[in-house]
Amino acid sequence: MLIKSFKTITLSNIETEVLGQKFSKKISKGDIITLNGNLGSGKTTFVKGVLKGLNYKNEVTSPTYTLINEYYTENHTLIHIDCYREKNINRWLNIGLIDYLSEDNILFIEWAKNIQSILPNEINNIYFNVLDTNKRLIKCNE
């Protein structure tokens with residue numbers, strides 16, 4: 001489902017996390033959200049907030065090296081994927097990415113442009129732009 005567009009500026013990691021918590025109320029099973037922005041722009045911090053909003057109590061880490069992190073909450077399975085280090089579509093297919101896309105998961109995908117050809121058409125796109133040391137412009141579906 002496409003989520004209503006928004007544009008906001010956050011002034012700290014805490015504000016980015018709080019934005020993620022609010023965003024968690026807008027998502028549902030089957031949603032695919034791409035996270036677009038440079039390294040260190042707040043993507044994982046945002047996902048931490050989303051998971052906090054879904055009442056996830058454990059540690060949340062970047063999937064940069066693991067490629068895929070799975071988080072299980074009471075009502076949702078959130079899959080956080082990072083395609084930065086692995087750009088080979090066949091490797092992603094062998095890992096089973098299609099299975100994640102076809103289930104009732106919520107997917108957050110960093111560097112999704114690297115696997116764009118295998119993603120469905122209806123996805124939500126969030127863009128993180130660094131404006132200053134702690135200042136971020138965050139836009140969804142604009």
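Open to solvent by 40 Å² or more (accessible area, probe 1.4 Å), at pLDDT 90 or above and in contact with a strand residue (DSSP E or B) (Cβ under 8 Å, 6 or more places away or on another chain): is that true of residue 139 in this structure?
So residue 139 passes the test.
Would you please name the residue that is nearest to residue 65 (Cα to Cα), looking only at residues in the stretch 83-142 that are in contact (Cβ under 8 Å) with a residue 40 or more places away in the chain and assigned to a helix (DSSP H, G or I)?
Here the answer is 112.
Any residue at all in the stretch 113-134 that's closer than 23 Å to residue 38 by Cβ, within 14 Å of the chain's Cα centre (by Cα) and polar (S, T, N, Q)?
Scanning the stretch 113-134, I find at least one residue that is closer than 23 Å to residue 38 by Cβ, within 14 Å of the chain's Cα centre (by Cα) and polar (S, T, N, Q), so the answer is yes.
Just to be sure I understand the filter: pairs with C-beta atoms under 9 Å, separated by 6 or more residues or on different chains, first member in the stretch 42-59 and on the phi > 0 side of the Ramachandran plot, second member in a loop (DSSP other than H, G, I, E, B) and open to solvent by 10 Å² or more (accessible area, probe 1.4 Å). Which pairs pass?
55/73; 55/74; 55/75
Could you please give the count of residues in the stretch 29-55 that are in a loop (DSSP other than H, G, I, E, B) and open to solvent by less than 40 Å² (accessible area, probe 1.4 Å)?
Residues meeting the conditions: 6.
Residues to consider are 4, 22; find the one that is surrounded by fewer than 16 Cβ atoms within 10 Å (Cβ to Cβ), touching a residue at least 24 places away in the same chain (Cβ under 8 Å) and not in a helix (DSSP H, G or I).
4
For the stretch 64-82, which residues satisfy the criterion of being surrounded by fewer than 22 Cβ atoms within 10 Å (Cβ to Cβ) and either assigned to a loop (DSSP other than H, G, I, E, B) or aliphatic (A, V, I, L, M) (or both)?
64, 65, 66, 67, 68, 73, 74, 75, 76, 79, listed by residue number.
Given (1) surrounded by 13 or more Cβ atoms within 10 Å (Cβ to Cβ); (2) under 15 Å from the mean Cα position of the chain (by Cα); (3) at pLDDT below 95, identify the lone condition not met by residue 16.
Single failed check for residue 16: (3).
The values are calculated or read from the model by the stated rules, or taken from the named source; none is laboratory data. All figures in this text were calculated on a predicted structure; none of them were measured in a lab. We place every Cβ from the backbone using ideal geometry, glycine too, and count neighbours over all the protein chains shown. These accessible areas exclude ligands, DNA and RNA; they are computed on the full protein's heavy atoms, side chains included. Shrake-Rupley method; radii C 1.70, N 1.55, O 1.52, S 1.80 Å.
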